[in-house]
Amino acid sequence: DDSVDVDFRVESNDSTHMFQVDAGNNKILMSSNPTSDTQSTPHDTLKLAVAYASSGSDGAAGLGPRLVFSIPDDEDNPSVGGGIAVVKESADDSNSVATMTFAVSQNDQTLDEAMRITNAGGISTNLCS
């Protein structure tokens, strides 16, 4: 109630700052503590996942986690401005092929896909209608 900055920190094995909300500096920090500094593949520092709402059927093509970015508007609530998602290409759960999509708002709360990177490395742009 007094507008005091408060930090929040989660500790984990060998990491005193596994997840930290640093309110005084307006940032969020995450640590992955790699087992080897010589590993040549990226380490997970943020892992987004979508679980099925129910079991027993395949998930839909297009299902996946998305980061959504909001921008200020002239009202009390921010507007949806854009998003980055990794989605399933197939509705068959035995096929784990994925696509990364980048979407922007067309002056409303709906995100329209503007660019897509396929699993084969192809890039499609100008997908907004």
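The values are calculated or read from the model by the stated rules, or taken from the named source; none is laboratory data. Note that the structure is a prediction, hence the values are computed from the model and not measured. Virtual Cβ from ideal backbone geometry, glycine too; neighbours counted across all protein chains shown. Just so you know, the surface numbers come from the protein's heavy atoms only, side chains and all, with ligands and any DNA or RNA stripped out. Shrake-Rupley method; radii C 1.70, N 1.55, O 1.52, S 1.80 Å.
For Asn25 and Leu48, calculate 0.36 nm times their separation in residues minus their Cα-Cα distance, and state this gained length in nm to one decimal.
Values: separation 23, 0.36 × 23 = 8.28 nm, distance 2.42 nm.
Going from the current span to full extension adds 5.9 nm.
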Query raised in the report: Could you give the dipole magnitude of the chain about its Cα centre, charging the beta-carbon of Lys and Arg +1 and that of Asp and Glu -1, in debye to the nearest 20?
Result: 640
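Quick one: compute the contact order of the chain, relative version, from alpha carbon pairs under 8 angstrom and 6+ residues apart, as a percent. Working shown, then result.
Numbers: 217 pairs, mean separation 15.5, N = 129.
After rounding, I find 12 percent.
Taking 0.36 nm per residue of separation and subtracting the Cα-Cα distance, what length does fully extending Asp37 through Ser124 add?
Working: separation 87, 0.36 × 87 = 31.32 nm, distance 3.51 nm.
Fully extending the segment from Asp37 to Ser124 adds 27.8 nm.
Mind running the shape call on the stretch 41-129? Use the C-alpha gyration tensor, a ≥ b ≥ c as the square roots of the eigenvalues: rounded below 1.5 for a/c, prolate if a/b tops b/c, oblate otherwise.
Numbers: a/c = 1.77, a/b = 1.53, b/c = 1.16.
Judged from the Cα gyration tensor, the stretch 41-129 comes out prolate (a/c at least 1.5, a/b above b/c).
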Report summary line: Mean accessible area per residue over the chain (1.4 angstrom probe, all protein chains present, square angstrom) is 75
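Just by accessible area at a 1.4 angstrom probe, what is the order of Glu113, Glu89 from largest to smallest?
Details: Glu113 50, Glu89 75 Å².
My answer, sorted largest first, is Glu89, Glu113.
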Requested in this report: Could you go through the stretch 100-105 in sequence order and give the Karplus-derived ³J(HN,Hα) for each residue, using 6.51 cos²θ - 1.76 cosθ + 1.60 with θ = phi - 60°, rounded to whole Hz, and x for Gly and Pro?
Outcome: 9, 10, 10, 10, 10, 8
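Measure off, as a whole percent, the carbon and sulfur share of the 1.4 Å-probe accessible area of the chain, all protein chains present.
Values: 4780 of 9730 Å².
Carbon with sulfur: 49 percent of the solvent-accessible area.
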